[in-house]
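For reference, the structure is listed below as structure tokens.
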Amino acid sequence: MTTINSKIPAGALADKWKEYKDHQKLVNPANKRRLDIIVVGTGLAGASAAASLGELGFNVLNFCIQDSPRRAHSIAAQGGINAAKNYPNDGDSVYRLFYDTIKGGDYRAREANVYRLAEVSNSIIDQCVAQGVPFAREYGGLLDNRSFGGAQVSRTFYAKGQTGQQLLLGAYSALSRQVNKGTVKLYTRYEMLDVVIIDGRARGIIARNLTTGKVERFFAHAVVIGTGGYGNTFFLSTNAMGSNGSAAVQIYKKGAYFANPAYAQIHPTCIPVHGEFQSKLTLMSESLRNDGRIWTPKKKEDAEAIRAGKLKPTDLKEEDRDYYLERRYPAFGNLVPRDVASRAAKERCDAGFGVGTTGLAVYLDFSEAINRLGENVVRARYGNLFQMYEKIVDENPYKTPMMIYPAIHYTMGGIWVDYELQTSIPGLFAIGEANFSDHGANRLGASALMQGLADGYFVLPYTIQNYLADQIQVPRISTDAPEFEDAERGVKERIQKLLSIQGKRSVDNIHKELGLVMWDFVGMGRNEAGLKTALERIKEIRKEFWSNVYVPETETNPNIELEKALRLADFIEIGELMARDALLREESCGGHFREEYQTEEGEALRNDDKFAYVSCWKYAGEGNEPELIKEDLTYEFVKRQQRNYKS
Amino acid sequence: MEKTINITLKVWRQASPKAKGAFETYKLDGISTESSFLEMLDVLNEKLVSEKKEPVVFDHDCREGICGMCSLYVNGHPHGPDEDVTTCQLHMRKFKNGETITVEPWRSAAFPVIKDLMVNRNAFDQIIQAGGYVSVNTGGIPDANAIPIPKPKADEAMDAASCIGCGACVAACKNGSAMLFVSAKVSQLALLPQGKIEAARRAKAMVAKMDELGFGNCTNTRACEAECPKNVSISNIARLNREFITAKLKD
């Protein structure tokens, strides 16, 4: 049986990270120049890691699939970034940010990791301000804060509704500075297609140059994966079109454990689906819930009339509206965590109170805020989001309430890492959304940016040295080594196989089928029968894909169908893993809701006696069931409770 | 409620950077007016793939108007006829039934075509690498509130920083100038005390790189500002010129 070591330092919660740093091994400046590090991904985690490692003097190779590091999907994060600065003097502290994050994650994250995250959060804000990130400010010149779900303090820093953009451009500028200095070499329009393992350690990658189609080999002393989440398994999600889980699947197949794949976040405030041609879903920032009130009609006949276009939402009197979040959760109201808000919306729509032409939408209403604050204040806070909504839906949200519905947004699960962010393969690290580590079963709003930058700026640059310190004698290995050759051959065979099928269905067509199975059976409400159906259906989809997909062989590159096909092959693996993990976990926690396990009031019902562990899946070869390894989540400092957002 | 239209597309096809390109004509029926322009191109590509033809290559990623990756010249306008949007946010309701729509890549010497509608905008990265940053390392930073910044300055910096690096300004400019892009970054950082310290050095380095990469000069036609999907103002160009001249005078 495989054992697992999370390498959590001993000692008091607040001292662990300091203790670690005081005693870890370091690499001296002269040796850093001799060590190569590959960083895959240029989002908040990847760019901040590549920049910081370059600054330290390591020789960094940084890969991204887009034409520029600035395109990474972190750029689309809207609302903000949390930190425990307590500038508003409203009772915040490192401990409280830690506690809110642990509780928000439904007690399924590691205490030590989350505490470290809260601890470094303040340095992130300092760092970004120094880079020239134009955060929102008060008239006195100091930084402004707002509130996000799952918190009773205002700890979220923001830059209009474009916080992710500004933070990413900050990391991108730091990265660009290192490119100029020659410490980082950028590889744009490259896609990683395998990791190379030599003597049990990660020593490089195989990547495809998307512009030329050439498959190339790259050596490094350590490899860092910062390639984001796997939400696009569902086809429709708020992820970018190119976001994929392929790097995660490749390293999983080489022995890295995949942890908690079932934990996916369904974001409550997205623009509803409009039709079958739809390519992706657009998020409306959680920050809108600071001032927007969520409701559905109180009477079914009103909901029906609205759906039929006979009644407008603005026609409904105050007493005919059901502000269901305020009704069910008086203490947190519209600012309950995302999983709670999403399920509540589904509950109303399933019960027949949904609006929009499909009945799969609820209202997010700003009329009260506009009356209280004036349209100008609302415009200053959310102007770009309102504009975006109007461009997509063709309705003016200043005059009529927005329509929203939940959509897949973020994946808490991911590659298993220890306290050092190292995977179960020595020399291979995973950072940001790509790892599983800090959000448990549900992520709080404005915490993804925090975690990505914490990993990249302040955690990995320390912990990776503890690994590299005993690698200084390792010379650069030639990419002619047989391990590189084997890995490259494997990639080329996979590509050839896809090109040779010449079937009848397009990649997107099969991907949409997978997405529907995922949404219907592995989505917001899961149950045993449904998950078993999903496992069956995914098997069929895999067979269909590998025997009936059509991928054209093009004379010149890029070959966009081939790129998508390679990613879909991996999404199918992830989809199966998600269903398998969800079936195993006979409890409800955070974003994982098993209909069989709920309280009388319909809230998630955990089973701490049986499931207080991280489920780590170890690949066991094609066609075999992966091995389950459990990492027990022992709570030394916090008492697990039923989450309560009512009082 | 759903309305559909029939359209004719004239799409620029070019197999590789050196290949000779040409327009191909495609007819598409029953396009939902609720779908976005890129979703319409998805439909076209599905159709081409089903006919075993090569799909049209175009850049796109976030599809919510912020990553700056999409880049189409639609009916003579970068990002199409709608205002203040990127191509991915352009919707088919802006087009009429029976309309012929012309789709081209960015046309600029500094942005060579890679394939079909996809161009190489690496020059923008190179300009930022030349100096579009504040020279601080990670860590050892004073508290974020140590230096108060007047709100109007911070807001102005934010407006400049909203540039998404799509290149519409260059594509719109008859000279192929990158002044709006460069000035937005120079302004953002020059307005803030953190960036002010090396403002002169930055302006010189970025302008020198821009000139080296073959972008044209600015002749104040304001086409860039009119076509910018994020409304970045040409007042930034005035600020860049001030920073640049001051820097040169000091030399």
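The values are calculated or read from the model by the stated rules, or taken from the named source; none is laboratory data. Since we're looking at a predicted model, the values are computed, not measured. Quick reminder, even Gly has a Cβ in these numbers, built from the backbone with ideal geometry, and neighbours come from all protein chains shown.
Does A:Gly413 satisfy being crowded, with 18+ Cβ neighbours inside 10 Å, out of contact with any Gly (no Cβ under 6 Å at 6 or more places or on another chain) and over 25 Å from B:Thr33 (Cα atoms)? Criteria met by A:Gly413.
The residue that is nearest to the other protein chains (Cβ to nearest Cβ), among those in region B:6-17 that are closer than 22 Å to B:Gly98 by Cα and touching a Ser or Thr at 6+ places or on another chain (Cβ under 6 Å), is B:Thr8. Of the residues making up region B:18-52, those that are facing another protein chain (nearest Cβ under 8 Å), surrounded by fewer than 20 Cβ atoms within 10 Å (Cβ to Cβ) and either over 19 Å from B:Cys88 (Cα atoms) or in contact (Cβ under 8 Å) with a residue 60 or more places away in the chain (or both) number 3.
The condition (being closer than 18 Å to A:Trp617 by Cβ, at pLDDT 95 or above and more than 22 Å from the chain's Cα centre (by Cα)) is satisfied by just one residue among A:Glu596, A:Glu573, A:Glu561, A:Glu586: A:Glu586. Of all residues in region B:38-58, those satisfying the criterion of being in contact with an Asp or Glu (Cβ under 9 Å, 6 or more places away or on another chain) and under 18 Å from B:Met118 (Cβ atoms) are B:Asp42, B:Asn45, B:Leu48, B:Val49, B:Glu54, B:Pro55, B:Val56, B:Val57, B:Phe58.
Report yes if A:Arg338 is more than 26 Å from the chain's Cα centre (by Cα) and among the basic types (Lys, Arg), otherwise no. Spelling it out, it is not the case that A:Arg338 is more than 26 Å from the chain's Cα centre (by Cα) and among the basic types (Lys, Arg).
Of the residues making up region A:611-624, just one is part of a loop (DSSP other than H, G, I, E, B), closer than 17 Å to A:Ile251 by Cα and touching a residue at least 12 places away in the same chain (Cβ under 8 Å), namely A:Tyr619. Return yes or no: is B:Asp211 over 19 Å from B:Phe111 (Cα atoms), without any contact (Cβ under 8 Å) to a residue 60 or more places away in the chain and acidic (Asp, Glu)? Against the criterion (over 19 Å from B:Phe111 (Cα atoms), without any contact (Cβ under 8 Å) to a residue 60 or more places away in the chain and acidic (Asp, Glu)), B:Asp211 does not qualify. Taking helices (runs of 4 or more DSSP H) as the structural unit, those lying wholly within region B:159-241 and holding at least 2 residues that are modelled with pLDDT of 95 or more, surrounded by fewer than 24 Cβ atoms within 10 Å (Cβ to Cβ) and among the basic types (Lys, Arg) correspond to B:199-212. For region A:620-633, the condition holds for at least one residue, the condition being that it is at pLDDT below 95 and of a type in the set (Asp, Glu). The condition of being over 28 Å from A:Ser615 (Cα atoms), in contact with a Phe, Trp or Tyr (Cβ under 7 Å, 6 or more places away or on another chain), not polar (S, T, N, Q) and not assigned by TED's automatic domain parsing to the domain that holds A:Gly590 holds for only one of A:Val120, A:Val129, A:Val133, that being A:Val129. Per the conditions (1) of a type in the set (Lys, Arg); (2) free of Cβ contacts under 8 Å to residues at least 60 places away in the same chain; (3) at the interface with chain A (Cβ under 8 Å from one of its Cβ atoms), the sole criterion not satisfied by B:Lys115 is (2). In the set (1) without any contact (Cβ under 8 Å) to a residue 60 or more places away in the chain; (2) within 28 Å of A:Ile408 (Cβ to Cβ); (3) over 19 Å from the mean Cα position of the chain (by Cα), the condition left unmet by A:Gln166 is number (3).
Per-residue answers, yes or no, for (1) outside any helix (DSSP H, G or I); (2) at pLDDT 95 or above:
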residue: A:Val114; (1), (2): no, yes
residue: A:Ile125; (1), (2): no, yes
residue: A:Gly141; (1), (2): yes, yes
residue: A:Gly150; (1), (2): yes, no
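Just to be sure I understand, how many residues within region B:213-251 are of a type in the set (Asp, Glu) and within 15 Å of B:Asp84 (Cα to Cα)?
The first filter runs over region B:213-251 and keeps only residues of a type in the set (Asp, Glu), leaving B:225, B:227, B:243, B:251.
From what is left, the residues that are within 15 Å of B:Asp84 (Cα to Cα) are B:225, B:227.
Final tally of qualifying residues: 2.
Condition first: buried (at least 19 other Cβ atoms within 10 Å of the Cβ) and either part of a loop (DSSP other than H, G, I, E, B) or in contact with a helix residue (DSSP H, G or I) (Cβ under 7 Å, 6 or more places away or on another chain) (or both). Now tell me which residues in region B:142-158 satisfy that.
From region B:142-158, those buried (at least 19 other Cβ atoms within 10 Å of the Cβ) are B:144, B:149, B:154, B:156-158; that's our starting set.
Within region B:142-158, B:Ala144, B:Ile149, B:Glu156, B:Ala157 meet the criteria.
Find the helices (runs of 4 or more DSSP H) located wholly in region A:298-360 whose residues include 3 or more that are within 25 Å of A:Gly150 (Cα to Cα), and list them. In region A:298-360, A:324-328, A:338-350 are the helices (runs of 4 or more DSSP H) which contain 3 or more residues that are within 25 Å of A:Gly150 (Cα to Cα).
Name the residue, out of A:Ala130, A:Ala76, that is touching a residue at least 40 places away in the same chain (Cβ under 8 Å) and in contact with a helix residue (DSSP H, G or I) (Cβ under 8 Å, 6 or more places away or on another chain).
Just a single option satisfies the conditions, and that option is A:Ala76.
None of B:Thr8, B:Thr33, B:Thr25 is at pLDDT below 95, among the β-branched types (Val, Ile, Thr) and either under 26 Å from the mean Cα position of the chain (by Cα) or over 28 Å from A:Arg71 (Cα atoms) (or both) except B:Thr33. Looking across region A:246-287, the residues that are of a type outside the set (Ser, Thr, Tyr), farther than 27 Å from A:Pro337 by Cβ and away from every other protein chain (no Cβ under 13 Å) come down to A:Ala247, A:Val249, A:Gln250, A:Ile251, A:Lys253, A:Lys254, A:Gly255, A:Ala256.
Six or more apart or on different chains, Cβ atoms under 6 Å: show the pairs whose first residue is in region A:545-565 and more than 10 Å from chain B (Cβ to nearest Cβ) and in contact (Cβ under 8 Å) with a residue 24 or more places away in the chain and whose second is surrounded by fewer than 21 Cβ atoms within 10 Å (Cβ to Cβ) and assigned to a loop (DSSP other than H, G, I, E, B). Hits for this filter: A:Asn548/A:Gly503; A:Asn548/A:Lys504; A:Val549/A:Gly503.
Assess whether A:Leu142 counts as being surrounded by fewer than 24 Cβ atoms within 10 Å (Cβ to Cβ) and over 24 Å from the mean Cα position of the chain (by Cα). It is true that A:Leu142 is surrounded by fewer than 24 Cβ atoms within 10 Å (Cβ to Cβ) and over 24 Å from the mean Cα position of the chain (by Cα).
Taken together, the criteria place A:Arg606 among residues that are at pLDDT 95 or above, touching a Phe, Trp or Tyr at 6+ places or on another chain (Cβ under 9 Å) and either at positive phi or in a loop (DSSP other than H, G, I, E, B) (or both). In region A:355-383, the residues that are without any contact (Cβ under 8 Å) to a residue 60 or more places away in the chain form Cβ pairs under 6 Å with partners that are β-branched (Val, Ile, Thr), at six or more places apart or across chains, as follows: A:Val355/A:Ile306; A:Ile370/A:Val378.
Any idea which residue in region A:174-233 is surrounded by the most Cβ atoms within 10 Å (Cβ to Cβ), counting only those that are hydroxyl-bearing (Ser, Thr, Tyr) and part of a strand (DSSP E or B)? Before the answer, list the steps.
Residues of region A:174-233 that are hydroxyl-bearing (Ser, Thr, Tyr), as a first pass: A:176, A:183, A:187-188, A:190, A:211-212, A:227, A:230, A:233.
After this cut, where a residue has to be part of a strand (DSSP E or B) as well, the list is A:187-188, A:190.
Numbers: A:Tyr187: 19, A:Thr188: 21, A:Tyr190: 23.
The residue in question is A:Tyr190.
Tell me whether region B:168-184 contains one or more residues that are among the basic types (Lys, Arg), outside the structural domain of B:Ser108 (by TED's automatic domain parsing) and within 30 Å of B:Ile141 (Cα to Cα). Checking region B:168-184: not a single residue is among the basic types (Lys, Arg), outside the structural domain of B:Ser108 (by TED's automatic domain parsing) and within 30 Å of B:Ile141 (Cα to Cα).
Criterion first (in a loop (DSSP other than H, G, I, E, B), crowded, with 24+ Cβ neighbours inside 10 Å and at the interface with chain B (Cβ under 9 Å from one of its Cβ atoms)) does A:Phe135 satisfy it?
yes
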